[in-house]
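Colleague: The structure is given below, and queries will be raised subsequently.
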Amino acid sequence: MTQFLQQLINGLSIGSVYALMAVGYSLVYSIMNFSNFAHGGVIMFGAYFGFFYLTLFRLPFPVALIGAALSTAILAIIIERTAYKPLRNRRAPFLYFIICAMGMSIFLENIIIALPFIGPTFRTYPEIFSKTPIKIGSLAVGRLDLLMFIISAICLGLLVYFIDFTKIGKAIQATSYNIKASALMGINTDFIIITVFALGGFFAGIAGVLFGMKYTVYPQIGVITNKSFIAAVFGGLGSLPGAVIGSVLLGIIETFTSGYISSQYRDLIAFVLLIAVLVIRPRGLMGKSNEDKA
Amino acid sequence: MLTINNLHVYYGGIHALKGVSLNVNKGEILTIIGSNGAGKSTLLNSISGFLKYKGEIIYKDQKLNFSPNKIVQMGICHVPEGRLVFANLTVEDNLLLGAYLRNDKKGIKEDLEKVYTLFPRLKERQKQLSGTLSGGEQQMLAMGRGLMSSPDIMLLDEPSLGLAPLLVQTVFDIITDIRKMGKTILLVEQNAFKALSIADRAYVLEQGKIIMEGSAKDIANNPSIKEAYLGVKK
Ligand SMILES: Nc1ncnc2c1ncn2[C@@H]1O[C@H](COP(=O)(O)OP(=O)(O)OP(=O)(O)O)[C@@H](O)[C@H]1O
Ligand SMILES: [Mg+2]
């Protein structure tokens, strides 16, 4: 029982970070109907921003965290303006967007490798939080795991509030439903697209820092962050609750696989899950319709 | 109030509007009738900023050359063909989105009440997701949502499309009511009979060209129009 609870807590903690990543895929998909694979690169940049803000600039952790998030928000906006906006202006078919996103993701990864002062080496975050876990009865909860969960939960709460209770949030929902009709309401849809990229980028930065602290930072970290994309598809691309539920489930499935079977099977199971979902229920748990996922 | 001079629109190789000129006077109901593919929606989409065109569109002495959201800001409201209500949002959220560009809380509240008076059905369903409304209710919502932007002119694209005859009458009655509120109306319709019965003036659009214009009465009495659009045999 203790082990079960222990795994559940770990699963929730990693799942909540996946959720922070997954909402970025879902937000962009809900408006623009394509999977923004550059998002993994943005998360990786977030991990590096946080690392350098902490080590090079010796900023206090909260400042470094917010700083990384703002930096990746700006990065996401730059990606949108330079890579996707020209495609939108030309009304390019959505396949172009996906190819462009993949290209952007490879570009982001390689720019990190190419930069002389960063390079392909693995970086380890400085130890900010003591490794001694907090004891709750017979359970040992890692301080970092707890922090990951709390920060992610706060971020997701803020996002839900923003989407459901603010005017811009409503405009995002309207635009995700029909971009032409929202322009007819006087909504500046270009601004909505920027907002969505900024939000996704902001949470990508937070997730990148948390992820970097938990594991290590290296240019191919995007391969792992792709699992949050799986979570988004699992939950139903374009649906925010879907992204969160899919992510938490994926986190839990992963930790249980590592805990009870073997960590070698962890990623295997994640990808089998993706394929199974695509075959059995292509729109995911909470996806809006049977659109093709590309 | 709105003047269009020699408007040409192309979709790739298709020449959809071939030099359309017309003007809308303040306070009138102007209708443009035409059959499928005549270019009616193309005309409205040009006015509201969705299409590139040759020629000019002048609104209140200003050349319109802006993005759709700026055009809404200038007091032009386009209720599109097919309604396009936000099915994922409630009736009230849809109406409030109509007022997206406004910041006068009091005015918005008053207009919301006005819309509910005009469409009591919407008031009954304010918290319902608009995707679950019937076609007629969605049309009312689309019109109500348009009114919420407090426009000076409304462009209505086939509001009677797909509605039962009784509802068609209701919708046209409401259009007359909206005009009484001081709005100018540009009504595009295939239902020529009904459109001509409430309009002051009319244009007939055929294959991208205006082939006739005049008072609604004259057009309705024109023998060739009677035959082509009103189903009356010579
Ligand atoms: N996006 C588009 N791409 C290519 N051709 C188009 C496009 N939209 C309209 N057309 C063509 O332009 C012409 C005018 O179309 P439009 O939609 O304006 O007609 P309409 O009068 O509104 O017809 P309806 O009564 O059926 O709504 C048609 O021949 C149509 O096929
Ligand atoms: Mg049409």
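The values are calculated or read from the model by the stated rules, or taken from the named source; none is laboratory data. Computed from a predicted structure; not experimentally measured. Quick reminder, even Gly has a Cβ in these numbers, built from the backbone with ideal geometry, and neighbours come from all protein chains shown. When the accessible area is computed, the model is the full protein with side chains, heavy atoms only, and any ligands, DNA or RNA have been set aside. Shrake-Rupley method; radii C 1.70, N 1.55, O 1.52, S 1.80 Å.
Colleague: Using a 10 Å Cβ count of at most 13 others and DSSP loop calls, identify the longest part of chain A lacking such GluC sites (Glu not before Pro).
Modeller: Details: sites that count: A:E127, A:E291.
The answer is A:128-290.
Colleague: Here's another thing I want to ask about it. Return a whole-number percent for the relative contact order of chain B, with Cα pairs under 8 Å and 6 or more residues apart as the contact set. It would help to have the intermediate numbers written out before the result.
Modeller: Numbers: 431 pairs, mean separation 64.6, N = 234.
Contact order relative to length: 28 percent.
Colleague: On full extension of the chain, what length is gained from A:L268 through A:Q6, given 0.36 nm per residue of separation minus the C-alpha to C-alpha distance? Numbers along the way, then the final one.
Modeller: Details: separation 262, 0.36 × 262 = 94.32 nm, distance 2.22 nm.
Length gained between A:L268 and A:Q6: 92.1 nm.
Colleague: Would you tell me the mean number of C-beta atoms belonging to other protein chains that fall within 10 Å of each C-beta in A:183-196, as a whole number?
Modeller: 6
Colleague: What's the long-distance tail for the range A:203-294, i.e. % of Cα pairs beyond 21 Å? Could the numbers behind the result be given before it?
Modeller: Values: 1410 of 4186 pairs.
Beyond 21 Å sits 34 percent of the P(r) for the range A:203-294.
Colleague: Another question, then. Tell me, what HN-Hα J-couplings in whole Hz come from the Karplus equation 6.51 cos²θ - 1.76 cosθ + 1.60 at θ = phi - 60° for each residue of the range A:236-244, using x for Gly and Pro?
Modeller: Rounded to whole hertz, the list is x, 4, x, 9, 5, x, x, 4, 5.
Colleague: Could you give each residue of the range B:135-145 its phi-based ³J(HN,Hα) in whole Hz, using Karplus coefficients 6.51, -1.76, 1.60 with θ = phi - 60°, and x for Gly or Pro?
Modeller: Values per residue, Gly and Pro as x: x, x, 5, 5, 4, 5, 4, 4, 6, x, 4 Hz.
Colleague: Along Cα→Cβ, 7 Å out, is where each label goes; now give me the distance between the ones at B:E110 and B:Q190 in nm to one decimal.
Modeller: The answer from the label model is 4.0 nm.
Colleague: For the range A:93-175, which trypsin sites (Lys or Arg not before Pro) are both in a DSSP coil and crowded by at most 11 other Cβ atoms within 10 Å? Kindly include the intermediate steps, with their values, before the conclusion.
Modeller: Numbers: sites: A:R123, A:K131, A:K135, A:R143, A:K167, A:K170; in loops: A:K131.
Answer in residue order: A:K131.
Colleague: Mean shadow of the range B:82-150, computed from the convex hull of its alpha carbons, in nm²? Working shown, then result.
Modeller: On the way: hull surface 16.0 nm².
Quarter of the Cα hull surface area: 4.0 nm².
Colleague: Output wanted: per-residue J couplings in Hz (rounded whole) for the range B:81-93, from phi through Karplus 6.51 cos²θ - 1.76 cosθ + 1.60, θ = phi - 60°, x for Gly and Pro.
Modeller: 4, x, 6, 6, 6, 7, 4, 7, 10, 6, 4, 5, 4
Colleague: Could you please report the charge total around A:S258, scoring K, R as +1 and D, E as -1 over all other residues with beta-carbon less than 15 angstrom from its beta-carbon?
Modeller: On the way: positive: A:K214, A:K227, A:R266; negative: A:D145, A:E254, A:D267.
Here the count lands on 0.
Colleague: Can you give the average number of partner chain beta-carbon atoms within 10 Å of each beta-carbon in peptide B:76-88, as a whole number?
Modeller: On the way: counts 1, 3, 4, 2, 4, 0, 2, 1, 6, 4, 10, 3, 7.
Across the residues of B:76-88, the mean count of other-chain Cβ atoms within 10 Å is 4.
Colleague: Let me ask something else. Within 11 Å, Cβ to Cβ, of A:R81, how many net charges do the neighbouring residues add up to if Lys/Arg are +1 and Asp/Glu are -1? The partial results should precede the final answer.
Modeller: Values: positive: A:K85, A:R88; negative: A:E80, A:D190.
Overall, the nearby charge balance is 0.
Colleague: Could you tell me how many degrees, from 0 to 90 and to the nearest 10, lie between the Cα long axis of helix A:266-280 and the main elongation axis, the longest principal axis, of the Cα atoms of chain A?
Modeller: 30
Colleague: Please state the relative contact order of the range B:103-234 as a whole percent: Cα pairs under 8 Å, 6+ residues apart?
Modeller: Working: 111 pairs, mean separation 21.4, N = 132.
It rounds to 16 percent for the range B:103-234.
Colleague: Can you give me the % of accessible surface on chain A that is carbon or sulfur? Probe 1.4 Å, all protein chains present, nothing else counted.
Modeller: C and S atoms contribute 71 percent here.
Colleague: Shifting gears a bit: Between chains A and B, what is the buried accessible area in Å², counting both sides, with a 1.4 Å probe and ligands, DNA and RNA left out, to the nearest 100?
Modeller: Values: alone 13720 and 11300 Å², together 23150 Å².
Buried: approximately 1900 Å² between B and A.
Colleague: Return the subset of A:K180/B:K127; A:K180/B:K54; B:K52/B:K180 for which the Cα-Cα distance in this structure is over 28 Å, preserving the input order.
Modeller: Values: A:K180/B:K127 24 Å; A:K180/B:K54 22 Å; B:K52/B:K180 33 Å.
Over 28 Å Cα-Cα: B:K52/B:K180.
Colleague: Right, next: Test of the criteria: in the range A:1-93, which trypsin sites (Lys or Arg not before Pro) are in a DSSP loop and have at most 16 other Cβ atoms within 10 angstrom of their Cβ? List each step's numbers first, then the result.
Modeller: Numbers: sites: A:R58, A:R81, A:R88, A:R90, A:R91; in loops: A:R58, A:R90, A:R91.
Counting only loop positions with at most 16 other Cβ atoms within 10 Å, the trypsin sites (Lys or Arg not before Pro) in the range A:1-93 are A:R58, A:R90, A:R91.
Colleague: Just the Cα atoms of chain A, one point each, no solvent: what log10 I(q)/I(0) does Debye give at q = 0.10, 0.15 Å⁻¹?
Modeller: Per q value, in the given order, log10 I(q)/I(0) is -0.52, -1.17.
Colleague: Quick one: Cα centre-to-centre distance for the range B:51-79 and the range A:86-124, in angstrom?
Modeller: That distance is 38 Å.
Colleague: Once amide H atoms are placed 1.01 Å from N in the peptide plane, what residues at a sequence separation of 5 or more from B:E206, or on another chain, have their amide H within under 5 Å of its amide H?
Modeller: Long-range HN contacts for B:E206: B:I211.
Colleague: Where Lys and Arg each count +1 and Asp and Glu each count -1, what net charge lies around B:A142 among other residues with Cβ under 12 Å from its Cβ?
Modeller: On the way: positive: B:R83, B:R145; negative: B:E81, B:E137, B:D157, B:E158.
Local charge sum for B:A142: -2.
Colleague: How long is the protein assembly as shown along each principal axis, judged by its Cα atoms, biggest number first, in Å?
Modeller: 91, 49, 45
Colleague: Let me check against my output: what whole-number percent is the relative contact order of the range A:2-293, with C-alpha pairs under 8 Å and at least 6 apart?
Modeller: On the way: 481 pairs, mean separation 107.3, N = 292.
It comes to 37 percent, rounded to a whole number.
Colleague: Give me the number: length gained by fully extending A:I168 to A:F191, i.e. 0.36 nm times residue separation minus the C-alpha to C-alpha distance, one decimal in nm.
Modeller: Between A:I168 and A:F191, full extension yields an extra 7.3 nm.
Colleague: May I ask you to list the trypsin sites (Lys or Arg not before Pro) in the range B:1-81 that are in a DSSP loop and have at most 15 other Cβ atoms within 10 Å of their Cβ? It would help to have the intermediate numbers written out before the result.
Modeller: Numbers: sites: B:K18, B:K26, B:K40, B:K52, B:K54, B:K60, B:K63, B:K70; in loops: B:K26, B:K52, B:K60.
When the trypsin sites (Lys or Arg not before Pro) of the range B:1-81 are filtered for loop state and at most 15 Cβ neighbours within 10 Å, B:K26, B:K52, B:K60 remain.
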